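Q: Dropping a structure here in structure tokens format, bear with me for questions.
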Number of protein chains: 2
Amino acid sequence: MGTILFDKVALIGIGLIGSSIARDLKDLGLAREIVVSTRSAETLKRAEELSLGTRYTLSAADAAADADLVIVSVPVGASESVAKQIADHLKPGAIVTDVGSTKASVIAQMAPHIPQGVHFIAGHPLAGTEKSGPDAGFEGLFRGRWCILTPLPGTDEGALAKLRFFWEALGSRVDLMDPEHHDKVLAIVSHLPHIIAYNIVGTADDLEAVTQSEVIKYSASGFRDFTRLAASDPTMWRDVCLHNKDAILEMLSRFSEDLAYLQRAIRWGEGDKLFELFSRTREVRRSIIEAGQDVDVPDFGRHALDKKN
Amino acid sequence: MGTILFDKVALIGIGLIGSSIARDLKDLGLAREIVVSTRSAETLKRAEELSLGTRYTLSAADAAADADLVIVSVPVGASESVAKQIADHLKPGAIVTDVGSTKASVIAQMAPHIPQGVHFIAGHPLAGTEKSGPDAGFEGLFRGRWCILTPLPGTDEGALAKLRFFWEALGSRVDLMDPEHHDKVLAIVSHLPHIIAYNIVGTADDLEAVTQSEVIKYSASGFRDFTRLAASDPTMWRDVCLHNKDAILEMLSRFSEDLAYLQRAIRWGEGDKLFELFSRTREVRRSIIEAGQDVDVPDFGRHALDKKN
């Protein structure tokens, strides 16, 4: 239906992100051939059942051979292994990209293995849900979402333009960023929120004074919001923590410092300090809604759906 | 339309909760007379414009006079002041209740002022959104939600049954709980999540390395979830922090301890510890969905609404 952008696209990894790309590629008719590769035979079978590609293989090397665009969508800790597997099979002029949540580490893992004449441009579509696996993906996941590309000095302009055009065809808005800056930005807007969410759910899970069934029963009072992020893919998030360590530790330390200040204000009954913070944060929400980055309905619009319970 | 449960209901405070009760009372025809009282002339005028009651007054005493049911829906720090204002005007046999998020403190503030022969039963409907004020309320807010009542030893069984029946008429499920235990449970399922959300939004707001506009622009990556809770009413939450201090400080200290453990695991690259936690928390989400306490759609079902942006 659409314009063919790439003759052959190789999707290495076919989880939430990979399978959403596959669905869009197919839906928009952007590629003649879509080769799906994953190291799990079970997942590969499922991808085939879902008709996510035109060919399926357990070998990343096989998938990458002759591909015009290779998209690596694996936990960031597996990046180097994938790069090594595909390196000798990439054709000159091919574009290799990824979708990982950390960029400096992915570049450090992959770039050294990519041969001369192949264009490696790391990227990160800021899209997803708390679900994972090939069944979790869907058409239009990237529509209206940002995709950050982190080209290195010397990156081929033509290849960059082509990759940008690809993400725009999927409905994304594309930003270019320095990899280290990307990692700092994502540490605060994504990594810290996930870590905090995992942590509070863990704390609640461990209490003795309040039973687990009480935590679950009364979770609608605020707690359940955190459980969504804390239901995200454990392997993906373990790798994010390990591969954006410095930025995450910096943000965590600022968060803890601020929390100690708040804790002290609570202990000493300093209502004015609490009120000041609680008012200021309201403005941030307002800005996010004004920027079109969240829905402007109470409770994420969840209330209507809730009533079915 | 429905059965009249109370001849005259006095609503003291007409914010999100008070005004939602008003709407349900009217919609279900549960009261002959609904007297609305608030100390702000502006809010009272708005309540009248919205036709939330049958009579409007700036005097809590005036509203409470001759009422069969008095519902106090004010920030918990204002409980004692309200109790003092209404004490001499309550009629024998009247039921006085509240909707505050802390219970031991509200009881300590109010009970000593309530005259003999008046039934004081503290309560807490676990319902709400991040919005506040009389415009934020809506019919059916309490439907399918828990309402916790914390009667004291010696509470009149008939009055308790009547109050329970009232909340059930609004669609709530009612639980009875010891006030101190309520405060511990809410500290983890509600107070800590709000405090953590306020804190992380404050931390992000204060960064130098990442601009505020970047935080807003890329907030869909996780951060925006926290901004919803952090947009809640500052006065209400200041008071909750000050009036459930002990339970909140205990939960905060456990949270911080757990976070330090996580931080150390990140620093030392202990992926197995991270993976163990991140897997365990996924189960909690599953239990919440199985218990019907959250919607079973990715991203709170927000994705469809998002696409309008």
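Q: Collect the residues in the stretch B:189-217 that are at the interface with another protein chain (Cβ under 7 Å from one of its Cβ atoms), among the charged types (D, E, K, R) and within 29 Å of the chain's Cα centre (by Cα), keeping them in residue-number order. If you could, list the steps in order and put the result at the bottom.
A: Let us first name the residues in the stretch B:189-217 that are at the interface with another protein chain (Cβ under 7 Å from one of its Cβ atoms), namely B:189-190, B:192-196, B:198-205, B:207, B:209-210, B:214-217.
Right, trim to among the charged types (D, E, K, R) and you get B:205, B:214, B:217.
Selection gives B:Asp205 alone.
Q: Another question about this same structure. Just to verify a result, which residue in the stretch A:238-254, among those that are crowded, with 23+ Cβ neighbours inside 10 Å and at the interface with chain B (Cβ under 7 Å from one of its Cβ atoms), is farthest from the chain's Cα centre (by Cα)?
A: A:Leu252
Q: Just checking, does the stretch B:221-233 include any residue being among the acidic types (Asp, Glu), more than 7 Å from chain A (Cβ to nearest Cβ) and surrounded by fewer than 16 Cβ atoms within 10 Å (Cβ to Cβ)?
A: Let us first name the residues in the stretch B:221-233 that are among the acidic types (Asp, Glu), namely B:225, B:233.
Those left that are additionally more than 7 Å from chain A (Cβ to nearest Cβ): B:233.
With surrounded by fewer than 16 Cβ atoms within 10 Å (Cβ to Cβ) added as a condition, the list becomes none.
The answer is no; no qualifying residue exists.
Q: A further question follows. Can you pull out every residue in the stretch A:4-24 that is touching a strand residue (DSSP E or B) at 6+ places or on another chain (Cβ under 6 Å), modelled with pLDDT of 95 or more and over 13 Å from A:Ala136 (Cα atoms)?
A: The answer is A:Phe6, A:Asp7, A:Lys8, A:Val9, A:Ala10, A:Leu11, A:Ile12.
Q: Note down all Cβ pairs under 6 Å where the first residue falls in the stretch B:93-112 and is in contact (Cβ under 8 Å) with a residue 24 or more places away in the chain and over 22 Å from B:Ser20 (Cα atoms), the second is of a type outside the set (Asp, Glu) and assigned to a helix (DSSP H, G or I), and they're at least six residues apart or on different chains.
A: Pairs that qualify, where the first residue is in contact (Cβ under 8 Å) with a residue 24 or more places away in the chain and over 22 Å from B:Ser20 (Cα atoms) and the partner is of a type outside the set (Asp, Glu) and assigned to a helix (DSSP H, G or I), are B:Ala104/B:Pro179; B:Ser105/B:His243; B:Ile107/B:Pro179; B:Gln109/B:Ser79; B:Met110/B:Ser79; B:Met110/B:Ala83.
Q: Answer with yes or no whether A:Ala41 is modelled with pLDDT of 95 or more and in contact with a Lys or Arg (Cβ under 9 Å, 6 or more places away or on another chain).
A: no
Q: OK, next. Return the residues of the stretch A:178-187 that are touching a residue at least 40 places away in the same chain (Cβ under 8 Å) and over 14 Å from the mean Cα position of the chain (by Cα); say none if nothing qualifies.
A: A:Pro179, A:Glu180, A:Lys184
Q: For residues in the stretch B:160-176 being touching a Pro at 6+ places or on another chain (Cβ under 9 Å) and not polar (S, T, N, Q), which is surrounded by the most Cβ atoms within 10 Å (Cβ to Cβ)? Explain how you work it out, then say what you get.
A: Within the stretch B:160-176, the first condition is being touching a Pro at 6+ places or on another chain (Cβ under 9 Å), and the residues that meet it are B:160, B:163, B:167, B:170, B:172, B:176.
Filter again for not polar (S, T, N, Q), leaving B:160, B:163, B:167, B:170, B:176.
Working: B:Leu160: 17, B:Leu163: 25, B:Trp167: 21, B:Leu170: 23, B:Leu176: 14.
The selected residue is B:Leu163.
Q: Continuing with the same structure: Of all residues in the stretch B:299-309, which are modelled with pLDDT under 90 and either touching a Gly at 6+ places or on another chain (Cβ under 8 Å) or in a helix (DSSP H, G or I) (or both)? Steps first, please.
A: Kept after step one, since they are modelled with pLDDT under 90, are these residues of the stretch B:299-309: B:301-309.
Once the filter is applied, which keeps residues that are modelled with pLDDT under 90 and either touching a Gly at 6+ places or on another chain (Cβ under 8 Å) or in a helix (DSSP H, G or I) (or both), the stretch B:299-309 yields B:Gly301, B:Arg302, B:His303, B:Ala304, B:Leu305, B:Asp306, B:Lys307, B:Asn309.
Here is a yes/no grid of residues against (1) surrounded by fewer than 24 Cβ atoms within 10 Å (Cβ to Cβ); (2) not hydroxyl-bearing (Ser, Thr, Tyr):
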site	(1), (2)
B:Arg23	yes, yes
B:Thr43	yes, no
B:Leu52	no, yes
B:Tyr56	yes, no
B:Asp62	yes, yes
B:Ala65	yes, yes
B:Lys84	yes, yes
B:Val96	no, yes
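Q: What are the residue pairs meeting all of these: first residue in the stretch A:142-160, first residue among the basic types (Lys, Arg), second residue assigned to a strand (DSSP E or B), Cβ atoms under 7 Å, and 6 or more apart or on different chains?
A: A:Arg145/A:Pro125
The values are calculated or read from the model by the stated rules, or taken from the named source; none is laboratory data. Every value quoted in this text rests on a predicted model; they were computed, and no experiment measured them. A quick note on method: Cβ atoms are made from the backbone with ideal geometry, for glycine too, and the neighbour counts reach across all protein chains shown.
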